[in-house]
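Beneath this line is the structure, given in C-alpha cells, with notes to follow.
What follows draws every value from the coordinates through simple rules; no lab data is involved. These figures come from a predicted structure and were not determined experimentally. All Cβ positions, even for glycine, are placed from backbone atoms using ideal geometry, and neighbour counts span all protein chains on display.
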Amino acid sequence: MTATVEGTGTSTATGLGAGRGIAAGIRFTGTGANGVEPDTEIEFPYTDTAGAGAIGIEIAGAGTADSGIGVGHPLPAPAVAQGGSSWEPTSPCTPCCLPDAGTLPRVSTVRVAARMAALGILVAAFALSAVVLPLFGAPRRTRALRRIFRTVLRAIGVRMVHTGAERFDAGPGTGGVLVVANHLSWLDIMVLGAVQPVRMVAKQEVRSWPVLGAVAARAGTLFVDRARLRCLPSLVADTARALRDGAAVGLFPEGTTWCGAAMGEFRRAGFQAAVDAGVAVRPVAQRMRLLDGTPTSMGAFVGADTLLDSILRVLRLPGLVFEIEVLPLLPSTDTDRRELAHAARRAVCAATGVSVATAVPPRAPRPVARNDQLPTAA
C-alpha cells in the first residue's frame, strides 16, 4: 500500500528525505487533506523484526525531515512488489540517481579509446597473474596484487585516496578479518584490493562474467546465490573457515549497489561468520568525488545500468577521485551479528556523512493511526 499526505507542517522520519519516506517511525502533523483532519498526528511505528514488506509513504508539502536520503531520492519498493525472493537485497537507486552527463566535462573519444584499451590489456594481465601469483610467497603476492589494482585504477583515470588504517587486518600474521564496506560500483573491488587483497563474497552471476568470472574464481571468491536462502548457512560456514585460516574476506553487507546519496541496510548473515570465527570486523567507508572535490555518483553501478555503460561513464570523465577510509576494528567477542551489523553501519554512515536513518528495513508492521484516521490509500 502507498499512502499520500498533503498539507503543511513538519515531518520526522527514519529512512526518508525531506518530503519522502518509508514507514519506519513516521509522524506527520499539519493542516489536513485527503481525508485527514487538521492537526491529526499519524504514527507509523517501526519494530526491527522479520516479517512482511515495507510500506511506501510520500509526504507532500512544506516541512522538514531528519534523514539521510536527499530530496527526490527514489524509495525502495515494498518487499511484496519486488521480483524474485522478497528477502533478496534490492536498491531503489537507478540511473536517475546519476548526474546529467551533459553537465560534466568529458575527455576526447581518442582518450576514452586509449583508456578502454589499457583496461583490456590490464584485465588480461590480471587474468594471467591469477595463474602465476599462487606460485609466489604471500608477501610478494600481496605487493604484486596491490600494484596491479593501483595500475588499473590509474589507467582508467581513477585516483584513489586512502585514509585511516594502513591495511584491513591488524598486521601481517595477526589472523583473519571480515572487511565490510558500502557498495557503490564495480570499482569497489579494485579499490579494496589496492589497499590489501581480499577474498570477496560476490553474487553468483559474477562467476559467469567473461574473463573476470574466471579470475574471481581463481582468486578464491566466495559466491552466493542471492535468490536461494538455503544457501546462506553454507556460505557463512565457508566464510568462517576462510577467516579462521587467516584470510581477509571482503563483504558488501547491503547486498547490492547504492548511489552513495543513501545507504542500504547491512544484512546480518555475513557478520555471523566473524562471530563464529572469533575475528574482528573492519568497517570501510567509500566515497566518490570529481576532481574539483564535488561529491558525485558518476562512478556508481546501479539499477538497470549495464556494466559497459558504467565503465564508459568513468572513462569519459577527466578524472574520478575514489576515497576509501579504513575505520577502526570492531571486535566480535561478547556481541552478536545484529549488534556488529549495526555498529559497522553506524561507523560507515558517520564517515560518509549519510544519516543512519537511511537504513531501509526489509519488513515493517502495519501502520496504525492514533486517532483511527488514516490517509487515503493511493
Inset, instruction - Neighbouring Cβ atoms within 10 Å as the yardstick, rank Thr352, Thr333 fewest first. - result: Thr333, Thr352
Legend entry - Using θ = phi - 60° and Karplus 6.51 cos²θ - 1.76 cosθ + 1.60, couplings along segment 349-354 (whole Hz; Gly, Pro as x): 4, 4, 6, 8, x, 8
Legend entry - ³J(HN,Hα) computed for each position of segment 191-200 - Karplus, 6.51 cos²θ - 1.76 cosθ + 1.60, integer Hz, glycine/proline x: 5, 4, x, 6, 7, 7, x, 10, 8, 8
Inset, instruction - Using the Cα centre as the reference, give the magnitude of the dipole from point charges on the C-beta atoms of segment 114-216 (Lys, Arg: +1; Asp, Glu: -1; all else neutral), rounded to the nearest 20 debye. - result: 280 debye
Inset, instruction - With +1 on each Lys and Arg Cβ and -1 on each Asp and Glu Cβ, and nothing else charged, work out how big the dipole of segment 101-358 is about its Cα centre, in Debye to the nearest 20. - result: 640 debye
Legend entry - Amide H partners (placed H, <5 Å) of Ala248, local residues excluded: Val177, Arg199
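Within a 10 angstrom radius of the beta carbon, how do Thr335, Thr90 rank from fewest other beta carbons to most?
Least crowded to most crowded, the residues run Thr335, Thr90.
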Inset, instruction - Work out how much length Thr174 to Ile121 would gain on full extension: take 0.36 nm times their residue separation and subtract the Cα-Cα distance, in nm to one decimal. - result: 15.6 nm
Legend entry - Surrounding net charge for Thr221, when Lys and Arg each add one and Asp and Glu each subtract one, Cβ distance under 9 Å: +3
Legend entry - Contact order normalised by residue count of segment 101-358, Cα under 8 Å, 6+ apart, percent: 26 percent
Inset, instruction - Please report, to two decimal places, log10 I(q)/I(0) for segment 101-358 at q = 0.07, 0.13 Å⁻¹ as given by the Debye formula with identical point scatterers on the Cα atoms and no solvent. - result: -0.23, -0.82
